[in-house]
Ligand code: BTN
């Protein structure tokens, strides 16, 4: 007999996590789940607080872009952390979350999505997920980190700057995808991977898995840095999340900031 599709509404998620989502705020609409989580952090909300919205009126993307967030179709959520480590280690958390989302998509949908360094999730060459991490640090200590995740699950139309490079899980897979199931899997995986991160305070224990699903690996990339652009072949990430790029003279550069894109016929990647 054919299995009934999991069409639980988002507010019916059943979390089997130890701490992620221990306090859950569900909203029909918010300006941005990151903004709400930051406000809750200011008010003393605990680690693990999860803000979830059906839609966002001012969803934020990286580099000041907006994140188009129509109602009832996708996932928009933010997880609040209160880490005890140094502020300059926080940027690695975005990669930890990317790995959790990639694994959850594989588990929930049975397909192999890939990661475009550092943290976009890509399927069939199109962007499915974006992650925006924001930190509040004072006097050299982290007060809070919020990790905001937007997953295009059911959307059929895309507007805005990413229109020609974005897609959703359902447009690509032509199958029903449960937002509730996907979110449950993401949080379960993040919790486990975050525990591995905390063991070493870097990505040593996650690096191999990350590199296995790195779409840039062994491909030509163009690194756009403030000081200029150069070409090379991406080899994988370092334990602290930098991208290793082999350049023409045979040397290897470690890319920390800046934008990496693959030149050529692959479009977005
Ligand atoms: C990117 O530009 O790739 C990052 C997009 C991040 C979007 C998510 S949606 C949930 C959370 N709230 C926001 O305002 N942004 C993030």
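Here are some notes:
- Just one of (1) more than 8 Å from the ligand (Cβ to nearest atom); (2) not in a strand (DSSP E or B) fails for residue 58. It is (1).
- Residue 160 in contact (Cβ under 8 Å) with a residue 12 or more places away in the chain, within 16 Å of the ligand (Cβ to nearest atom), in a strand (DSSP E or B) and assigned by TED's automatic domain parsing to the domain that holds residue 65: no
- Within segment 166-175, the set of residues being modelled with pLDDT of 95 or more and either outside the structural domain of residue 79 (by TED's automatic domain parsing) or within 16 Å of the ligand (Cβ to nearest atom) (or both) comprises 168, 169.
- Residue 45 being at pLDDT 95 or above, away from the ligand (no atom under 15 Å from the Cβ) and in contact with a helix residue (DSSP H, G or I) (Cβ under 7 Å, 6 or more places away or on another chain): no
- Here segment 86-122 is the region considered, the condition is being surrounded by fewer than 18 Cβ atoms within 10 Å (Cβ to Cβ) and either at positive phi or assigned to a helix (DSSP H, G or I) (or both), and the residue that is farthest from the ligand (Cβ to nearest atom) is 110.
- Leading residue by the ranking (nearest to residue 129 (Cα to Cα)) among those in segment 61-70 that are more than 6 Å from the ligand (Cβ to nearest atom) and outside any loop (DSSP other than H, G, I, E, B): 66
- The residues in segment 240-258 that are loosely packed, with under 15 Cβ neighbours inside 10 Å and either in contact with a helix residue (DSSP H, G or I) (Cβ under 6 Å, 6 or more places away or on another chain) or at pLDDT below 85 (or both) can be counted, and the count is 3.
Rundown of residues vs (1) touching a strand residue (DSSP E or B) at 6+ places or on another chain (Cβ under 7 Å); (2) assigned by TED's automatic domain parsing to the domain that holds residue 41; (3) within 30 Å of residue 84 (Cβ to Cβ), yes/no style:
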residue	(1), (2), (3)
135	yes, yes, yes
142	yes, yes, yes
147	yes, yes, yes
153	yes, yes, no
164	no, yes, no
177	no, yes, no
183	yes, yes, yes
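- Yes/no for residue 53 being assigned by TED's automatic domain parsing to the domain that holds residue 193 and assigned to a strand (DSSP E or B): yes
- Qualifying positions in segment 59-79 - more than 16 Å from the chain's Cα centre (by Cα) and either farther than 23 Å from residue 23 by Cα or surrounded by 15 or more Cβ atoms within 10 Å (Cβ to Cβ) (or both): 64, 70, 73
- Each residue in segment 123-143 was checked for being closer than 16 Å to residue 88 by Cα and away from the ligand (no atom under 15 Å from the Cβ), and 8 of them qualify.
- For segment 71-85, a residue qualifies if it is assigned to a loop (DSSP other than H, G, I, E, B) and either at pLDDT 95 or above or within 8 Å of the ligand (Cβ to nearest atom) (or both), and the qualifying residues are 71, 74, 82, 83, 84, 85.
- Residue check, residue 82 surrounded by fewer than 22 Cβ atoms within 10 Å (Cβ to Cβ), under 25 Å from residue 40 (Cα atoms) and either in the same structural domain as residue 235 (by TED's automatic domain parsing) or more than 15 Å from the chain's Cα centre (by Cα) (or both): yes
The values are calculated or read from the model by the stated rules, or taken from the named source; none is laboratory data. Since the structure is predicted, the reported quantities are computational estimates derived from the model, not experimental observations. Backbone-built Cβ (ideal geometry, glycine too); neighbour counts: all protein chains shown.
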